[in-house]
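Novice: The following block contains the structure, expressed as structure tokens.
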Amino acid sequence: AQGASLDEVVEVTERALANIRTIGVGLSPVTLPAVGKPTFTIGEDEMEIGMGIHGEPGMKREQMQTADEIAERMATAVLDDLQPQAGDRVAVMLNGLGATPLEELYIMYGRVYDLLAERGLTVHRPYIGEFATSMEMAGASLTVFRLADDELVELLDAPAQTPFFKHFEYGK
């Protein structure tokens, strides 16, 4: 929409991707319509850390934890990998995978926000809800985007409308 060349779009996309980290936690399996049955099994008292949105295996299966504990686990993994510095601005997306109540996502976000604040990070913009789901799968993904420069902030704040993500300017 801004008239950037393809090379400019590639450059800013690569810069953005270098500053984004995501992790997911699955609490229940996904059932793909074409398959008609769950793609994997997981115990009612288990969770899978690092699971992909379509049920790709995670890094580790563990005992179920509280929403705060899961949020801390996800945030620590993402921040340890991203290595933001105190004073950095970040955008945060806490995405429900389809069967996680919005209230639980807000509980998780509260813990994520506290952890970011403890590290001296400023949340420029939070996104909490269902942005990319996996057919009623319980769980969440956490994405942290370090806004490394003013151009990334400007582009993040720009109006956008896609089937799964809408961002409008206030007052319009």
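The values are calculated or read from the model by the stated rules, or taken from the named source; none is laboratory data. For clarity, every value in this text was computed on a predicted model and none was experimentally measured. Don't worry about glycine lacking a Cβ; one is built from the backbone with ideal geometry, like all the others, and counts go over all protein chains shown.
Novice: Could you figure out which of (1) over 25 Å from Phe165 (Cβ atoms); (2) in contact (Cβ under 8 Å) with a residue 24 or more places away in the chain; (3) of a type outside the set (A, V, I, L, M) isn't true of Gly43?
Specialist: In the conditions (1) over 25 Å from Phe165 (Cβ atoms); (2) in contact (Cβ under 8 Å) with a residue 24 or more places away in the chain; (3) of a type outside the set (A, V, I, L, M), Gly43 misses (2) alone.
Novice: A further question on this structure: Give the residues of region 125-154 that are at pLDDT 95 or above, crowded, with 17+ Cβ neighbours inside 10 Å, out of contact with any Pro (no Cβ under 8 Å at 6 or more places or on another chain) and not polar (S, T, N, Q), sorted by residue number.
Specialist: Ile128, Leu142, Phe145, Leu147, Leu152
Novice: Out of Leu27, Leu32, which single residue is in contact with a helix residue (DSSP H, G or I) (Cβ under 9 Å, 6 or more places away or on another chain), in contact (Cβ under 8 Å) with a residue 40 or more places away in the chain and not basic (Lys, Arg)? I'd like the intermediate steps shown before the answer.
Specialist: Details: Leu32 fails: in contact with a helix residue (DSSP H, G or I) (Cβ under 9 Å, 6 or more places away or on another chain).
Of the residues listed, the single one that is in contact with a helix residue (DSSP H, G or I) (Cβ under 9 Å, 6 or more places away or on another chain), in contact (Cβ under 8 Å) with a residue 40 or more places away in the chain and not basic (Lys, Arg) is Leu27.
Novice: Can you pull out every residue in region 83-101 that is surrounded by fewer than 17 Cβ atoms within 10 Å (Cβ to Cβ) and at pLDDT 95 or above? Before you say what the answer is, go through the steps one by one.
Specialist: Narrowing region 83-101 to residues surrounded by fewer than 17 Cβ atoms within 10 Å (Cβ to Cβ): 83, 85-87, 99, 101.
Residues satisfying the conditions are Gln83, Gln85, Ala86, Gly87.
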